[in-house]
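Engineer: Sharing a structure, written as structure tokens. Questions coming.
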Number of protein chains: 2
Amino acid sequence: MCLSIRKYCLLLVYLSLSKVQSAPKKQSYSELRACNISDLADEIASYESVVKDIIDYVVSGPFKGYTYDELAKFVDTFGARPSGSEVLERSIDYMIQLTQAEEIHDIVTEELEVPHWVRGEEKIKMLEPRMKDMALLGLGRSASTPPEGITAEVIVFNNFSMLEAASIVDVKGKIVLYDPEFTTYGETVTYRSQGATKAAEKGAVASLIRSVAPFSINSPHTGSQTYGDNVPTAAITIEDADMIRRLQNRGVKVVLNIKMSSTFDTKISRNTIIDLKGTKDPEKHVIVSGHIDSWDVGQGAMDDGGGLFVSWAVPVILKRLNLRPRRTIKSIFWTAEELGLVGAYAYEERHRNNSHNINFIMESDEGTFAPLGLVVAGTPEARCIIAEILKLFESINASTLVESDSPGSDIAVIIKTGVPGASLHNANERYFWFHHTEGDTMNVESPEELDLGAAFWTAVAYIIADISVDIPR
Amino acid sequence: MCLSIRKYCLLLVYLSLSKVQSAPKKQSYSELRACNISDLADEIASYESVVKDIIDYVVSGPFKGYTYDELAKFVDTFGARPSGSEVLERSIDYMIQLTQAEEIHDIVTEELEVPHWVRGEEKIKMLEPRMKDMALLGLGRSASTPPEGITAEVIVFNNFSMLEAASIVDVKGKIVLYDPEFTTYGETVTYRSQGATKAAEKGAVASLIRSVAPFSINSPHTGSQTYGDNVPTAAITIEDADMIRRLQNRGVKVVLNIKMSSTFDTKISRNTIIDLKGTKDPEKHVIVSGHIDSWDVGQGAMDDGGGLFVSWAVPVILKRLNLRPRRTIKSIFWTAEELGLVGAYAYEERHRNNSHNINFIMESDEGTFAPLGLVVAGTPEARCIIAEILKLFESINASTLVESDSPGSDIAVIIKTGVPGASLHNANERYFWFHHTEGDTMNVESPEELDLGAAFWTAVAYIIADISVDIPR
């Protein structure tokens with residue numbers, strides 16, 4: 001999951017995450033919103049046995065453990081898959097072959113230009129009050145330092161207001177460290193996305209952020225950011241940010257040396273689109289998706305290997321079960337999400353004239369922990385239909401509908417054009433412990449939760465693609 | 001908290017940790033063990049108001065937050081304090097000055113020779129099936145590799161039986177990786193302590209362990225180990241160990257290059273002993289203690305800065321409250337615990353002829369999370385007395401007595417000579433998430449929990465030092 005839409009921040013994308021925690025407790029969505037879809041209710045209820053068949057097949061049948069095993073094989077084979085890298089392209093080829101091995105051949109790729117930022121050497125040392133090597137991760141597209149690094153005193157700010165209140169004399173020539181407490185991702189990440197620009201405006205020589213995370217074992221978290229002025233910018237750990245703040249509060253001068261190098265150009269990458277053709281209205285479609293690129297640290301197993309594989313699993317499971325819905329299901333693997341939803345923007349532009357045919361668009365990019373339901377954007381009537389469908393997932397505790405105007409990450413680009421859609425609502429309380437770190441590995445994933453996620457994702461997409469009515473706009 | 005007693009393993013020290021989880025739920029210790037100390041019960045109950053005074057002073061009075069603040073200042077000033085380092089000696093000087101500033105001048109240090117192992121460059125790269133930099137921490141006293149490193153195929157074993165069953169031909173020339181699941185520390189740590197020796201016996205060229213921890217964010221955990229043969233030995237992360245095992249299980253050959261350098265000699269360090277002289281039986285004493293050295297990663301805030309500071313706080317708080325017990329309270333800061341309880345051994349040897357005067361010995365070296373009670377070694381009668389004292393701490397939920405024959409780490413050296421003693425029983429479920437990693441920082445500590453710990457530790461020590469009877473042996 002990334003942050004920026006091209007050069008602009010898309011905070012709304014993330015606000016859903018805070019809403020996720022305030023899901024309704026007792027009354028169902030339909031009761032709360034006084035849904036009136038009585039004609040459809042019976043039709044939707046008739047999918048109960050299909051839902052059961054899919055869940056049985058994936059959770060306790062032949063597909064059990066398969067999503068986890070294939071995801072593990074994928075991330076162990078390729079590791080991190082940063083935008084513009086060769087390994088990302090090879091991983092796309094691999095996914096195509098894996099799909100073809102399932103006798104699914106309706107696969108196209110669409111080329112686009114993507115950013116290719118390559119991290120070089122990165123080091124940070126505290127020189128005063130004592131020598132200490134620290135952990136550091138440069139933020140995406142950060143400028144390099146001179147080879148000898150930047151050596152300067154640090155000045156810590158808890159928030160932008162403090163920076164704005166400080167005089168240029170106090171900030172000029174210093175390294176700014178933002179040390180905001182983690183509240184929600186959407187709120188806290190503004191320091192990552194805008195910090196460097198604001199620090200440079202005040203004359204800072206570099207900009208550091210406290211990693212955007214609620215918990216850490218000395219783990220720096222990278223991520224994208226939007227440049228105005230060009231000062232090197234990186235994340236340090238929560239622990240080191242706290243230490244530097246404590247030292248400053250005691251009146252102790254802290255001097256750091258930061259060395260960072262990187263290169264930047266652009267490359268060609270591809271969105272990948274798998275079609276499971278609809279039986280009656282093949283031009284209409286339901287999209288399920290995840291992004292195949294990752295940050296350059298960890299294995300990209302959680303962000304977004306899990307989302308990629310539960311979306312890959314949808315046509316595979318339906319094909320194996322010989323379930324062909326009325327409308328086409330498209331499984332899309334977005335490229336270059338982390339550097340600014342680049343693949344999604346290209347798709348939206350390319351298919352803009354056909355977007356009336358997108359019946360519903362789904363993405364999983366906030367973890368594939370135990371599924372709880374969906375975070376849904378759309379009209380009240382659309383949400384009522386989705387809520388009715390979600391009732392079929394009470395047996396696996398995945399019936400919750402959370403409202404958001406901008407669920408998902410890539411799909412927000414398309415949803416904001418008026419297409420209804422949803423992201424996976426899942427038990428992702430620990431998501432930001434691992435997000436954009438070396439700790440984003442298979443150890444975050446669980447075979448059982450991935451099975452539940454794949455079954456849920458598949459059955460939901462199938463029903464939406466198969467019911468007699470389109471999701472209203 | 002370390003592992004070895006000099007060159008031998010002291011597993012018993014750690015077995016207490018597993019017992020900690022099976023603390024009695026409903027019946028009190030006195031009921032379960034049918035304690036009969038009716039004469040003493042009234043006397044012990046009479047300390048209720050002193051306990052309240054101490055808790056009030058520390059938890060909500062002038063001492064509130066002080067233990068945390070002083071610990072933070074200490075670890076921020078000195079950082080890691082490895083055995084034999086100059087910074088350890090300077091940190092000892094600092095603690096002496098901090099104590100003198102409290103108008104406590106009964107302080108002695110006792111010199112001893114300690115190991116001085118200094119970590120140099122450490123790098124590990126996966127060369128096959130793909131290039132990947134991994135996280136690595138050499139284990140204490142590990143040998144160095146040649147400058148170009150050791151390049152070899154890996155062979156993974158889940159346990160020693162598998163290694164023993166393997167033929168020398170299969171292991172010779174390879175890097176052995178032990179990948180046991182974490183059960184308890186006491187059980188799992190045998191792979192850290194004995195792994196290198198056993199691997200070398202089979203002809204391995206290096207020995208790696210899966211870090212001894214139940215949870216990780218790509219965090220390698222160092223620790224001590226006992227050498228027979230001399231192959232380099234280090235810990236990799238749980239995540240990387242899992243990945244290598246998965247690759248091996250799929251028949252994929254994994255080749256690593258390991259580079260490690262280090263130096264080893266000995267230096268002089270010091271145990272530090274602060275006396276709060278007893279009023280009636282000053283030659284008899286109760287010891288409270290923690291170790292001042294740490295591993296060379298992180299800040300040593302949890303292991304064992306917290307134990308050091310709650311033990312330092314005991315004479316300070318009692319002096320401030322003008323509470324002078326019958327017997328002397330000695331607050332001891334052990335040195336060189338991590339390299340084999342070296343300070344504790346020297347103390348035991350030096351004071352062996354006076355050990356009959358140790359009424360009770362306490363150590364906090366398993367975290368200073370919320371105190372729950374004590375892990376107690378001693379006769380049934382001794383434990384009954386301690387259980388009666390613990391009843392006074394029901395208001396702070398610290399009344400649990402857990403039995404162990406070998407609580408603590410350093411103090412186990414003295415307890416095994418027949419001295420009764422106890423370690424701090426605390427809510428340390430996450431202790432091994434941070435243990436011996438860069439994540440052992442102030443972020444693990446909580447001001448409120450340190451206050452509770454300091455108050456509990458002080459009041460318990462005071463009562464044991466003051467009651468009319470010695471703790472029986």
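The values are calculated or read from the model by the stated rules, or taken from the named source; none is laboratory data. Model, not experiment: these values are computed from the prediction. Here Cβ is always computed from backbone atoms with ideal geometry, including for glycine, and neighbour counts include all displayed protein chains.
Engineer: Working only within region B:274-287, note down all residues that are out of contact with any Phe, Trp or Tyr (no Cβ under 8 Å at 6 or more places or on another chain) and either of a type outside the set (Asp, Glu) or within 14 Å of chain A (Cβ to nearest Cβ) (or both).
Structural biologist: Pass one, region B:274-287, residues out of contact with any Phe, Trp or Tyr (no Cβ under 8 Å at 6 or more places or on another chain): B:275-285.
B:276, B:277, B:278, B:279, B:280, B:282, B:284, B:285, listed by residue number.
Engineer: Hey, any hits in region A:342-359 for a residue that's under 27 Å from residue A:30 (Cβ atoms), in contact (Cβ under 8 Å) with a residue 24 or more places away in the chain and surrounded by 22 or more Cβ atoms within 10 Å (Cβ to Cβ)? Reasoning before the result, please.
Structural biologist: In the first step, residues of region A:342-359 are kept if they are under 27 Å from residue A:30 (Cβ atoms); the result is A:358-359.
Applying the additional criterion that residues be in contact (Cβ under 8 Å) with a residue 24 or more places away in the chain yields A:358-359.
Next, only the ones that are surrounded by 22 or more Cβ atoms within 10 Å (Cβ to Cβ) stay: A:358-359.
Within region A:342-359, one or more residues are under 27 Å from residue A:30 (Cβ atoms), in contact (Cβ under 8 Å) with a residue 24 or more places away in the chain and surrounded by 22 or more Cβ atoms within 10 Å (Cβ to Cβ).
Engineer: Residues in region B:184-198: is at least one crowded, with 20+ Cβ neighbours inside 10 Å, not assigned by TED's automatic domain parsing to the domain that holds residue B:293 and not in a helix (DSSP H, G or I)?
Structural biologist: Looking through region B:184-198, at least one residue is crowded, with 20+ Cβ neighbours inside 10 Å, not assigned by TED's automatic domain parsing to the domain that holds residue B:293 and not in a helix (DSSP H, G or I).
Engineer: If you take the residues in region A:425-438 that are more than 17 Å from residue A:68 (Cα to Cα) and buried (at least 24 other Cβ atoms within 10 Å of the Cβ), which one is nearest to the other protein chains (Cβ to nearest Cβ)?
Structural biologist: Step by step, filter region A:425-438, then rank; the result is A:438.
Engineer: Okay, next question. Would you tally the residues in region A:86-114 being among the acidic types (Asp, Glu), in contact (Cβ under 8 Å) with a residue 24 or more places away in the chain and farther than 22 Å from residue A:350 by Cβ?
Structural biologist: Restricting attention to region A:86-114, the residues satisfying the condition of being among the acidic types (Asp, Glu) are A:86, A:89, A:93, A:102-103, A:106, A:110-111, A:113.
This time we only want the ones that are in contact (Cβ under 8 Å) with a residue 24 or more places away in the chain, so: A:89, A:102-103, A:106, A:110-111, A:113.
Retained after the next criterion (residues that are farther than 22 Å from residue A:350 by Cβ): A:102-103.
Residues meeting the conditions: 2.
Engineer: How many of the residues in region A:61-116 are over 30 Å from residue A:139 (Cβ atoms), away from every other protein chain (no Cβ under 14 Å), surrounded by fewer than 18 Cβ atoms within 10 Å (Cβ to Cβ) and not basic (Lys, Arg)? Let's see the steps before the verdict.
Structural biologist: Our first condition is that a residue be over 30 Å from residue A:139 (Cβ atoms); within region A:61-116, this holds for A:61-70, A:73, A:96-108.
Okay, now just the ones that are also away from every other protein chain (no Cβ under 14 Å), so A:61-64, A:66-67, A:96-108.
Then keep just the ones that are surrounded by fewer than 18 Cβ atoms within 10 Å (Cβ to Cβ); that gives A:61-62, A:64, A:97-98, A:100-103, A:105-108.
Applying the additional criterion that residues be not basic (Lys, Arg) yields A:61-62, A:97-98, A:100-103, A:105-108.
Within region A:61-116, residues that are over 30 Å from residue A:139 (Cβ atoms), away from every other protein chain (no Cβ under 14 Å), surrounded by fewer than 18 Cβ atoms within 10 Å (Cβ to Cβ) and not basic (Lys, Arg) number 12.
Engineer: Evaluate the following for residue B:232: is it within 14 Å of another protein chain (Cβ to nearest Cβ) and either at positive phi or not hydroxyl-bearing (Ser, Thr, Tyr) (or both)? Even if it seems obvious, please write down each step before you answer.
Structural biologist: Numbers: within 14 Å of another protein chain (Cβ to nearest Cβ): no; either at positive phi or not hydroxyl-bearing (Ser, Thr, Tyr) (or both): yes.
Judged against the criteria, residue B:232 is not a match.
Engineer: Go through region A:408-417 residue by residue and tally those that are without any contact (Cβ under 8 Å) to a residue 60 or more places away in the chain and surrounded by fewer than 22 Cβ atoms within 10 Å (Cβ to Cβ). Quick ask: steps written out before the conclusion?
Structural biologist: Quick first cut of region A:408-417, residues without any contact (Cβ under 8 Å) to a residue 60 or more places away in the chain only: A:415-416.
Imposing the further condition that a residue be surrounded by fewer than 22 Cβ atoms within 10 Å (Cβ to Cβ) reduces the set to A:416.
Here the count works out to 1.
Engineer: Looking for something touching a Pro at 6+ places or on another chain (Cβ under 8 Å), within 11 Å of chain A (Cβ to nearest Cβ), surrounded by fewer than 21 Cβ atoms within 10 Å (Cβ to Cβ) and not in a helix (DSSP H, G or I) - is there at least one such residue anywhere in region B:200-220?
Structural biologist: No, because not a single residue in region B:200-220 is touching a Pro at 6+ places or on another chain (Cβ under 8 Å), within 11 Å of chain A (Cβ to nearest Cβ), surrounded by fewer than 21 Cβ atoms within 10 Å (Cβ to Cβ) and not in a helix (DSSP H, G or I).
Engineer: Can you tell me which residue within region B:235-260, out of those that are in contact with a Pro (Cβ under 8 Å, 6 or more places away or on another chain) and not β-branched (Val, Ile, Thr), is surrounded by the fewest Cβ atoms within 10 Å (Cβ to Cβ)? Quick ask: steps written out before the conclusion?
Structural biologist: Of region B:235-260, the ones in contact with a Pro (Cβ under 8 Å, 6 or more places away or on another chain) are B:235-237, B:247, B:252-254, B:258-260.
Next cut, not β-branched (Val, Ile, Thr) only: B:235, B:247, B:253, B:259-260.
On the way: B:235: 30, B:247: 22, B:253: 10, B:259: 20, B:260: 25.
For region B:235-260, the residue satisfying everything is B:253.
Table: residues versus (1) away from every other protein chain (no Cβ under 14 Å); (2) at pLDDT 95 or above; (3) under 25 Å from residue B:81 (Cβ atoms).
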{"residue": "B:392", "(1), (2), (3)": "yes, yes, no"}
{"residue": "B:398", "(1), (2), (3)": "yes, yes, no"}
{"residue": "B:445", "(1), (2), (3)": "no, yes, yes"}
{"residue": "B:448", "(1), (2), (3)": "yes, yes, no"}
{"residue": "B:451", "(1), (2), (3)": "yes, yes, yes"}
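Engineer: Scan region A:52-86 for residues that are of a type in the set (A, V, I, L, M) and within 18 Å of residue A:270 (Cα to Cα) and jot them down.
Structural biologist: A:80
Engineer: Within region A:240-259, identify whether any single residue is away from chain B (no Cβ under 14 Å) and more than 30 Å from residue B:73 (Cβ to Cβ), and answer yes or no.
Structural biologist: Our first condition is that a residue be away from chain B (no Cβ under 14 Å); within region A:240-259, this holds for A:255-259.
From what's left, more than 30 Å from residue B:73 (Cβ to Cβ): none.
Checked against the condition, which is being away from chain B (no Cβ under 14 Å) and more than 30 Å from residue B:73 (Cβ to Cβ), region A:240-259 yields no hits at all.
Engineer: Select from region A:131-153 the residues that are within 14 Å of chain B (Cβ to nearest Cβ) and surrounded by 14 or more Cβ atoms within 10 Å (Cβ to Cβ) and write down the one among them that is farthest from residue A:435 (Cα to Cα). It would help to see each step written out before you state the result.
Structural biologist: Filtering region A:131-153 down to residues within 14 Å of chain B (Cβ to nearest Cβ) leaves A:131-137.
From the residues that got through so far, the ones that are surrounded by 14 or more Cβ atoms within 10 Å (Cβ to Cβ) too are A:132, A:134-137.
Details: A:132: 25, A:134: 19, A:135: 16, A:136: 15, A:137: 13 Å.
If we take residues in region A:131-153 being within 14 Å of chain B (Cβ to nearest Cβ) and surrounded by 14 or more Cβ atoms within 10 Å (Cβ to Cβ), then A:132 is farthest from residue A:435 (Cα to Cα).
Engineer: Going through A:207, A:224, A:219 one at a time, which residue ends up being closer than 14 Å to residue A:152 by Cβ, in contact (Cβ under 8 Å) with a residue 24 or more places away in the chain and polar (S, T, N, Q)? Spell out the reasoning first.
Structural biologist: Working: A:224 fails: closer than 14 Å to residue A:152 by Cβ; A:219 fails: closer than 14 Å to residue A:152 by Cβ.
Just a single option satisfies the conditions, and that option is A:207.
Engineer: Does residue A:316 count as over 28 Å from residue A:205 (Cα atoms) and either in contact with a Gly (Cβ under 8 Å, 6 or more places away or on another chain) or in a strand (DSSP E or B) (or both)? If you could, list the steps in order and put the result at the bottom.
Structural biologist: Numbers: over 28 Å from residue A:205 (Cα atoms): yes; either in contact with a Gly (Cβ under 8 Å, 6 or more places away or on another chain) or in a strand (DSSP E or B) (or both): no.
Considered against the rule, which asks whether it is over 28 Å from residue A:205 (Cα atoms) and either in contact with a Gly (Cβ under 8 Å, 6 or more places away or on another chain) or in a strand (DSSP E or B) (or both), residue A:316 comes out as no.
Engineer: Just wondering, is there one or more residues in region A:165-177 that are surrounded by 23 or more Cβ atoms within 10 Å (Cβ to Cβ) and either hydroxyl-bearing (Ser, Thr, Tyr) or within 14 Å of another protein chain (Cβ to nearest Cβ) (or both)?
Structural biologist: Taking region A:165-177 first, the residues surrounded by 23 or more Cβ atoms within 10 Å (Cβ to Cβ) are A:175-177.
Next, only the ones that are either hydroxyl-bearing (Ser, Thr, Tyr) or within 14 Å of another protein chain (Cβ to nearest Cβ) (or both) stay: none.
No.
Engineer: Got at least one residue in region B:288-311 being of a type in the set (Phe, Trp, Tyr), part of a strand (DSSP E or B) and more than 14 Å from every other protein chain (Cβ to nearest Cβ)?
Structural biologist: Applying the first criterion (of a type in the set (Phe, Trp, Tyr)) to region B:288-311 yields B:295, B:309.
Keeping just the survivors that are part of a strand (DSSP E or B) gives none.
Checked against the condition, which is being of a type in the set (Phe, Trp, Tyr), part of a strand (DSSP E or B) and more than 14 Å from every other protein chain (Cβ to nearest Cβ), region B:288-311 yields no hits at all.
Engineer: Continuing with this model, one more query. Out of region B:161-183, which residues are out of contact with any strand residue (DSSP E or B) (no Cβ under 8 Å at 6 or more places or on another chain), not aliphatic (A, V, I, L, M) and not in a loop (DSSP other than H, G, I, E, B)?
Structural biologist: B:161, B:164 - these are the residues of region B:161-183 that are out of contact with any strand residue (DSSP E or B) (no Cβ under 8 Å at 6 or more places or on another chain), not aliphatic (A, V, I, L, M) and not in a loop (DSSP other than H, G, I, E, B).
Engineer: I would also like to ask the following. Under the condition of being out of contact with any Asp or Glu (no Cβ under 9 Å at 6 or more places or on another chain) and assigned to a loop (DSSP other than H, G, I, E, B), which residue from region B:221-234 is surrounded by the fewest Cβ atoms within 10 Å (Cβ to Cβ)? Steps first, please.
Structural biologist: Initially, region B:221-234 is screened for residues out of contact with any Asp or Glu (no Cβ under 9 Å at 6 or more places or on another chain), giving B:221, B:225-227, B:230-233.
Filter once more, keeping what is assigned to a loop (DSSP other than H, G, I, E, B): B:221, B:225-227, B:230-232.
Details: B:221: 29, B:225: 26, B:226: 21, B:227: 18, B:230: 12, B:231: 23, B:232: 25.
Within region B:221-234, the match that is surrounded by the fewest Cβ atoms within 10 Å (Cβ to Cβ) is B:230.
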